[in-house]
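Data first, discussion second: the structure below is written as structure tokens.
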Amino acid sequence: MSRSTLKHPVVIAPSLLAADFGHFHRDSERVTRSQAEWLHLDIMDGHFVPNLSFGSDVVKSLRPHMDLFFDVHLMCSKPDILLKPFVSAGADSITIHVELGDRRVDDLIWQIRSLNKKVGLAINPPTSIHDVTPFLDKIDLLLVMTVNPGFGGQSFIEETLPKIQQANRWRDEKKLKFRIQVDGGINDKTGAMCAREGADTFVSGSHLFKQRNMRYAVKRLRHACHEASEFYSRTVKTSNSNAPVPQPHLL
């Protein structure tokens, strides 16, 4: 088998934002049984994005019942006041936005590191990918938003794919180890598109939660992303030969 172009094993992260809040306990149990690796927690303040989600108390209530990696994404204007509450609640990684500005991002990265947590940096679709370059050697994860943040269930923005490709190129050139995460409209098809460009961590909300069998849906999504990466690798190897190009397939 050809070596995968993915720099890290595929991680699937169901987004709790897509859960039925009227049946919160039931849906959190579905995630636990799904064999996903991470749980993605979107925290919205109604100011940085035009929506409110939930706070650290919800995360704290989930932590004793879930062994997954808690991936907290702060879509907030004042994330500095939220770091300690979410760390105390059980966050394993905290992602902030590059749109907050260079000086604030530098300080927030230092604060998250001082709390002994993984550091993520997110970038919205309208923002230039070059804005993240000063921080690439300081982070564990780069989140490329593939929809405009604030609401679940949006359609994937294909114009974000070059950002993933560029981030992957920089990661290779600088020999860095940060993960490339994508979030927004991720399903088997769009996840595979992102995997071909170098993404390795896939947040999926509506697509996974609407499935009757979430465990099988997680398996399909993980397989689709692996297949896409392997297909890309084999295509590159055969592009200079007369060998037939293999075709990807899903489960």
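Every read-out reported here was derived from the displayed coordinates using simple, explicitly stated rules and does not represent laboratory data. What you are looking at is a predicted structure, and each value in this text was computed from that prediction instead of being measured. For neighbour counting, all protein chains shown are included, and Cβ atoms are generated from backbone atoms with ideal geometry for every residue, glycine included.
The local environment of residue 166, defined by Cβ-Cβ distances under 13 Å, has a net charge of -1 under the rule Lys, Arg +1 and Asp, Glu -1. Helical content of the chain, expressed as a calculated mean residue ellipticity at 222 nm, amounts to -11000 deg cm²/dmol (DSSP H runs of 4 or more residues, -39,500 (n - 2.57) each, divided by residue number, nearest 500). Along the range 197-213 the Karplus relation, 6.51 cos²θ - 1.76 cosθ + 1.60 evaluated at θ = phi - 60°, assigns HN-Hα couplings of 8, x, 5, 9, 10, 10, 8, 9, x, 4, 4, 7, 6, 7, 7, 5, 10 Hz to successive residues, with x for each Gly and Pro.
A Cβ-based charge dipole, computed about the Cα centre of the chain with Lys and Arg at +1 and Asp and Glu at -1, lands at about 720 debye. Seen against the Cα atoms of the chain and their longest principal axis, helix 102-114 is set at about 80 degrees.
Across the range 38-49, coupling constants 3J(HN,Hα) worked out from phi with the 6.51/-1.76/1.60 Karplus curve, θ = phi - 60°, read 10, 10, 8, 10, 8, 10, 10, 9, x, 10, 5, 10 Hz, and Gly and Pro carry x. Could you work out how far helix 24-33 tilts from the main Cα principal axis of the chain, as a 0 to 90 degree angle to the nearest 10? Tilt relative to the chain: about 40 degrees.
Restricting the calculation to alpha carbons of the range 1-113 gives Rg and Dmax of 15.3, 48 angstrom.
If a/c stays under 1.5 just call it rounded; otherwise compare a/b with b/c (prolate if a/b is bigger, oblate if not). Do that for the chain, with a ≥ b ≥ c from the square roots of the Cα gyration tensor eigenvalues. Oblate is the answer for the chain, as a/c is 1.5 or above yet b/c matches or exceeds a/b. In this rough spin-label picture, where each label sits 7 Å from Cα along the Cβ direction, the residue 172-residue 21 distance is 4.3 nm. Extension gain, residue 110 to residue 8, is 34.3 nm, computed as 0.36 nm per intervening residue step minus the present C-alpha separation.
Go ahead and collect, in residue order, the members of the range 177-193 whose backbone nitrogen is under 19 Å from a label point 7 Å along the Cα-Cβ direction of residue 133. So the set is 177-178. Potential lengthening of the chain between residue 151 and residue 60 amounts to 30.5 nm, from the contour at 0.36 nm per residue minus the alpha-carbon distance. Report for the chain the percent antiparallel among DSSP-assigned beta bridges with both residues inside it, nearest 5. That works out to approximately 5 percent antiparallel. Counting charges near residue 35 (Lys, Arg +1; Asp, Glu -1) among other residues having Cβ under 15 Å from its Cβ returns a value of +3.
Kindly work out what percent of the DSSP beta bridges joining two residues of the range 1-118 are antiparallel, to the nearest 5. Among the beta bridges of the range 1-118, antiparallel pairing accounts for roughly 10 percent. Per-residue Cβ neighbour counts within 10 Å put 229, 155 in the sequence 155, 229, beginning with the fewest. Per-residue Karplus couplings for the range 74-83, computed as 6.51 cos²θ - 1.76 cosθ + 1.60 with θ equal to phi - 60°, are listed in order as 8, 9, 9, 6, 10, x, 4, 7, 9, 4 Hz, Gly and Pro entered as x. Build a GNM of the chain with springs between Cα atoms under 10 Å apart, and of 171, 179, 222 the one that fluctuates most is 171. Sites listed here are chymotrypsin sites (Phe, Trp or Tyr not before Pro) in the range 1-77 whose DSSP assignment is loop and whose Cβ has at most 12 other Cβ atoms within 10 Å, and the list is empty.
Under 5 Å from the amide H of residue 204 lie the amide H atoms of 13, 15, each residue being 5 or more positions distant or on a separate chain, with H modelled from the backbone and absent for Pro and chain starts.
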